[in-house]
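A short write-up of the structure that comes next.
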Amino acid sequence: MNWVLSMTYLWLKAGHIIFVIFWMAGLFMLPRYFIYHQEAELGSEESARWLDREAKLLKIILWPSLIAVWVLGLVLAYSTGAFAHGWFHVKLAAVLGLTAYQVWLAGYHAALQRGERRLTGRKLRMLNEVPGIAAALIVIMVVLRPF
Ligand code: HEM
């Protein structure tokens, strides 16, 4: 029985980390798409192609991997008692921040569909640092567990 439980735990954690990688990849790619998209003429065929690429990235990668990371992460959290630990509270706060960031990105895509280009390429590049900083904080918390 112990073997079954420990293998289940390891498969849960492996699945969790695999979907974390997909999620982070999508979070880094989408603002890049927005930057190249905004270099295309408004209403052009090129602009329409970027809208299609953004929609596919959200639908096929970002939303499914976000859901998988949350589901596998919460199952892990309940089965390991992680909610009792300070490191997990900081991790969860950072992940909630990343989730809100993705909702904002989806809203920015919807604005581009309406022809609104709210931020400059430079601001979008700066924004692309957000998932990197959050991911570093999250991994430090879950691996080092400082408190
Ligand atoms: C969505 C909410 C998330 C929850 C509820 C969650 C929860 C957890 C839990 C409970 C563990 C297992 C800890 C253990 O083995 O005792 C874990 C492992 C891990 N999580 Fe998450 N996680 C989430 C999101 C993320 C994100 C966004 C990242 C990275 C950016 C991440 C990176 C990791 C890593 C690297 C491990 C393995 C740590 C190790 O084995 O030492 N998690 N997560």
* Of the options PHE22, LEU58, LEU5, report the single residue whose Cα projects farthest towards the positive end of the charge dipole of the range 2-144 (beta-carbon charges: Lys, Arg +1; Asp, Glu -1). => LEU5
* Structure fact -> Looking only at lysines whose Cα falls under 27 Å of LYS123's and that sit 8 or more positions away or on another chain, we get LYS56, LYS59, LYS91
* Asked: To the nearest µm²/s, what D does Stokes-Einstein give for the chain at 37 °C and 0.692 mPa s, using the Kirkwood radius over alpha carbon pairs as Rh?
  -> 196 µm²/s
* Carbon-plus-sulfur fraction of the accessible area of the chain, 1.4 Å probe, in percent? -> 72 percent
* **Inter-probe distance in nm under a simple model that places probes 7 Å from Cα toward Cβ, at GLU39 and ALA55** => 2.4 nm
* Asked: Between MET126 and ARG32, what length in nm is gained on full extension when 0.36 nm per residue of separation is reduced by their alpha carbon distance?
  -> 32.8 nm
* Structure fact -> Mean accessible area per residue over the chain (1.4 angstrom probe, all protein chains present, square angstrom) is 59 Å²
* Asked: Given the rule -39500 (n - 2.57) for each run of at least 4 DSSP H residues, summed and divided by the residues of the chain, what is its mean residue ellipticity at 222 nm, to the nearest 500 deg cm²/dmol?
  -> -27500 deg cm²/dmol
* Structure fact -> Charge dipole of the chain built from unit charges on the beta carbon (Lys, Arg +1; Asp, Glu -1), centred at mean Cα; most positive-end Cα among LEU137, TRP87, PHE34 is TRP87
* Which helices of the chain meet both criteria: a Cα extent of 20 Å or more along the helical axis and a mean Kyte-Doolittle score no lower than 0.0, with helices taken as whole DSSP H segments? -> 2-38, 63-80, 86-113, 130-144
* Inter-part distance where the range 1-61 and the range 114-131 are each reduced to a Cα centre, Å -> 17 Å
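Using the crude model of +1 on Lys and Arg Cβ and -1 on Asp and Glu Cβ, and no other charge, please compute the dipole size for the chain relative to its Cα centre, in debye to 20.
In debye, rounded to 20, the chain gives about 260.
Nearest 0.05, what FRET efficiency do ILE133 and TYR9 give at R0 = 22 Å with Cβ-Cβ as r?
The computed FRET efficiency comes out at 0.15.
The values are calculated or read from the model by the stated rules, or taken from the named source; none is laboratory data. Quantities reported herein were computed from a predicted structural model and do not represent experimental measurements. Neighbour counts run over all protein chains shown; Cβ positions are idealised from the backbone, glycine included. Each accessible area value is taken on the protein alone, full model and side chains, heavy atoms only, with ligands, DNA and RNA left out. Shrake-Rupley method; radii C 1.70, N 1.55, O 1.52, S 1.80 Å.
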